[in-house]
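Notes for the one structure printed next.
Every number here is computed from the coordinates shown, using simple stated rules; none is lab data. Keep in mind that what you see is a predicted model, and the values were worked out from it rather than measured. Cβ placement follows ideal geometry from the backbone for every residue including glycine, while neighbour counts extend to all protein chains displayed.
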Amino acid sequence: MGELVAEVGCKSLTERQVVSVIYRILGTYCSQMYGLSSNGERAGRQNQNRHRIAMTTSTLLVFQNPLLPKPTRPAHSSIAGVQKGAASACIVCARSQDDDYHATIKALNSKGRFPRKSLGQHYMLNSEINDQLAAAAAVQEGDIVLEIGPGTGSLTNVLLNAGATVLAIEKDQHMVGLVRERFASIDQLKVLQEDFVKCHIRSHMLSLFERRKSSSGFAKVVANIPFNISTDVIKQLLPMGDIFSEVVLLLQEETALRLVEPSLRTSEYRPINIFVNFYSGQFCI
Ligand SMILES: C[S@@+](CC[C@H](N)C(=O)[O-])C[C@H]1O[C@@H](n2cnc3c(N)ncnc32)[C@H](O)[C@@H]1O
C-alpha cells in the first residue's frame, strides 16, 4: 500500500468541512489482545477459559484533514515498522511491556469481567502499540482527543500522559465504572456511557471546545475501536472535517484494506467505499 498522503485532489475548498483524506496506512501490527475465542460468548460463564490472549493482526489507518498541516511527530516517538514508500503494509510484532499487559488483566479480574464479543471487546495488551497510536496523531499537551471505547483505559492512559484532554465514549457500563475509577483524580478526562453509533458526537465535541481550548482549534480521534462498529464509526467521523484534524483508528486488517483498496470492478465494492471515496482522497507517493 505504501504511504498515502494528504491531497485535496479535485475536491473544491468549499467542501473543506466535509473532506478527509486517508493519508496513511501506518502499518499492520500483530499484537496481543485479550478477547474471545469463537463461540466464547455463547459458551457463557462456565466456559470462561474460552477467553484468551491471542495474537491479532490489526491495521492502523490515519485520516487527515487535508487543509491542515500534517502533524509532526515528536522526535522520540518512532513508529516501529513504518517504512516510507514501502510496497505494502508491514508487520510488526510489538514487544510486550508489563504495564498494559498486567494492568489490563488485573483490572478485568478485579471486576470479574470477561470480554464480550457482542461489544467487540478485545483488549490491547501491548503498550507499545498504544504509544504508536498516540504518536501517529502526534498527541501533545493541549490537544483534545476523542477516544471510542476506552475499555480498561490503557490507551486513555497514554493519551492523558501526553497531556491531552480526553473525551471517552464507552457503551459498557462496567467498563465506564472501571475507567472512571482508574482515573478518578484526573480532571482532563470525561467518560460518557453512550453508544457511539447513536450519540450526538458533534454536540459533545462543541461543548467540550467551549470548556477547553484546543491549541489547534481542532480535536483528534485516537481509538482501538470495536471491530463490529468500524463502518458506523467511519460514517460518523469522516464528514466532521470542521472538528477533527486527524482520525487514527486501529482496525481489523481486512476492514482497513476493504476501505482503502476496493476497485469498482470487484465484488468487494460496497456502499461504505462510495462513502469513503466521497469524503476522502488517497494519493500514493
Ligand atoms: C476493542 S475494545 C478496545 C478497548 C481499549 N481501548 C483497548 O485498546 O484495550 C473496544 C471497546 O469499545 C467498547 N464499545 C463497544 N461498542 C461500543 C459502542 N457502540 N460505543 C462505545 N463503545 C463501545 C467496548 O465495550 C470496549 O471497551
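Of all the criteria given as (1) crowded, with 19+ Cβ neighbours inside 10 Å; (2) within 10 Å of the ligand (Cβ to nearest atom); (3) within 22 Å of Tyr101 (Cα to Cα), the one not satisfied by His174 is (1). Pairs meeting the criteria (first residue in region 227-253 and over 18 Å from Leu119 (Cα atoms) and among the aromatic types (Phe, Trp, Tyr), second residue within 16 Å of the ligand (Cβ to nearest atom) and in a strand (DSSP E or B), beta carbons under 6 Å, at least 6 apart or on different chains) are Phe244/Val221. Filtering region 241-252 to residues that are over 20 Å from Ala135 (Cβ atoms), more than 13 Å from the ligand (Cβ to nearest atom) and touching a strand residue (DSSP E or B) at 6+ places or on another chain (Cβ under 8 Å) leaves Gly241, Ile243. In region 113-157, the qualifying residues are those that are of a type in the set (Asp, Glu) and more than 11 Å from the chain's Cα centre (by Cα), and the one that is farthest from the ligand (Cβ to nearest atom) is Glu141. Considering the conditions (1) more than 10 Å from the ligand (Cβ to nearest atom); (2) without any contact (Cβ under 8 Å) to a residue 12 or more places away in the chain, Lys198 is excluded by exactly one of them, (1).
Among the residues of region 212-229, those that are more than 15 Å from Gly163 (Cα to Cα) and either part of a strand (DSSP E or B) or within 16 Å of the ligand (Cβ to nearest atom) (or both) comprise Ala223, Asn224, Ile225, Pro226, Phe227, Asn228, Ile229. Could you pull out the residue among Leu189, Leu206 that is more than 9 Å from the ligand (Cβ to nearest atom), surrounded by 20 or more Cβ atoms within 10 Å (Cβ to Cβ) and over 19 Å from Pro115 (Cβ atoms)? Checking each option against the conditions leaves just Leu189.
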